[in-house]
Amino acid sequence: MQLIHGGPTASDSTVPRTGGTPLVPEGFVWPVCGECAGAMQFLAQLPFQDGVIAAFFCQNDPGMCDDWDARGGANRAFVFTGELAPAAVPAEGETLLGAVTALRPAKTPAEDIPALGRLGGEPEWIQGDGTPDCPSCHAPMTFTASLEEGHHHRTAANFGGGGRSYVFGCAPCGEAAFLWQC
């Protein structure tokens, strides 16, 4: 199913979206980059099983940290379930996108509404299959969604210029992963 531009939405909206503030469980600690130690940028909140996946990647010095690698330390994805509330956003670092955009599922997008990704199905790889294994059970993770860079260059995610991100989950283990290719 296509994810299309659903217009602006609240920064703490429960709808699938890019940008804004992640909805997280109590005790959540904002992720930091394993390479530069800076706070990561929140990218998206997407539906997964009975909860959501929240994806983050390092944008503190774009192009310097290996933020495209699912296990390189410069990106993170989390599965959250239960009661969620807006996270406390770190004061320093490139932590938020320039806009909050609702992602609306659609079987067939209208010609005048940009497609911003896909929910479910099979990934359409740009460079080749990069399906990550679950860090807990070591089985291949399930493709959950792909996201395009965005509908406007000033508020889009940085996937290397024309790239695409891929979000995966392992429902039995409650694990998630994020990577991108261009």
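The values are calculated or read from the model by the stated rules, or taken from the named source; none is laboratory data. Bear in mind the structure is a predicted one, so any value in this text is a computation, not a measurement. With ideal geometry, Cβ positions are generated from the backbone for all residues, glycine too; neighbour counts draw on all protein chains shown. To get the accessible areas, we keep the full protein, side chains included, count just its heavy atoms, and leave off ligands, DNA and RNA. Shrake-Rupley method; radii C 1.70, N 1.55, O 1.52, S 1.80 Å.
When the accessible area of the chain is computed with all protein chains present and a 1.4 Å probe, what percentage of it is carbon and sulfur?
It is 49 percent, rounded to a whole number.
How far apart, in nanometres, would the label points at residue 12 and residue 122 be if each is projected 7 angstrom from Cα along the Cα-to-Cβ direction?
Simple spin-label model gives 4.2 nm for this pair.
Suppose the chain between residue 35 and residue 88 were pulled fully straight at 0.36 nm per residue; how much longer would it get relative to their current alpha carbon spacing?
16.9 nm
Where nothing but the Cβ of Lys and Arg (+1) and of Asp and Glu (-1) is charged, how large is the charge dipole of the stretch 1-143 around its Cα centre, in debye to the nearest 20?
Around 340 debye, computed over the stretch 1-143.
Debye sum, Cα scatterers, the stretch 1-104, no solvent: what log₁₀ I/I(0) at q = 0.12, 0.16, 0.20 1/Å?
Calculated log10 I(q)/I(0) at the listed q: -0.37, -0.67, -1.03.
So how strong a dipole does the stretch 65-182 carry about its Cα centre when Lys and Arg Cβ are +1 and Asp and Glu Cβ are -1, to the nearest 20 debye?
220 debye
Over the chain, what is the mean sequence separation of C-alpha contacts under 8 Å (at least six apart), divided by residue count, expressed as relative contact order in percent?
Relative CO of the chain lands at 27 percent.
With each pseudo-label sitting 7 Å past Cα toward Cβ, what's the residue 129-residue 26 distance in nm, one decimal?
Distance between label points: 4.3 nm.
Dividing the convex hull volume of the Cα atoms of the chain by its residue count, what figure in Å³ per residue is obtained?
Hull volume over Cα atoms, normalised by residue count, gives 114 Å³.
Given the options 55, 115, 87, state which has the largest fluctuation in a GNM of the chain using a 10 Å cut-off (strictly under) for Cα springs.
Of the options given, 87 has the highest mean-square fluctuation.
Find which of 45, 115, 91 sits farthest along the positive direction of the dipole of the stretch 1-127, computed with +1 on the beta-carbon of Lys and Arg, -1 on that of Asp and Glu, about the Cα centre.
After comparing all options, I get 115.
How compact is the stretch 119-182 by the rule of thumb for globular proteins, expressed as Cα Rg over 2.2 N^0.38 Å?
With N residues counted in the stretch 119-182, Rg over 2.2 N^0.38 Å equals 1.18.
Have a look at 59, 49, 127 and tell me which one the Gaussian network model of the chain (Cα, springs below 10 Å) gives the largest fluctuation.
Result: 127 has the largest fluctuation of those listed.
For the charge dipole of the stretch 3-67, defined by +1 on Lys and Arg C-beta atoms and -1 on Asp and Glu C-beta atoms about the Cα centroid, which residue among 54, 13, 23 has the Cα displaced farthest towards the positive pole?
Value: 13.
Determine the percent antiparallel among the DSSP beta bridges restricted to the stretch 41-182, to the nearest 5.
Antiparallel: roughly 95 percent of the beta bridges in the stretch 41-182.
For a protection proxy built on the mean count of beta-carbon atoms within 10 angstrom, sort 76-86, 36-46 highest first, please.
36-46, 76-86
I need the shape label for the stretch 77-128. Rule: rounded when a/c is under 1.5, else prolate if a/b > b/c, else oblate, with a, b, c from the alpha carbon gyration tensor.
prolate
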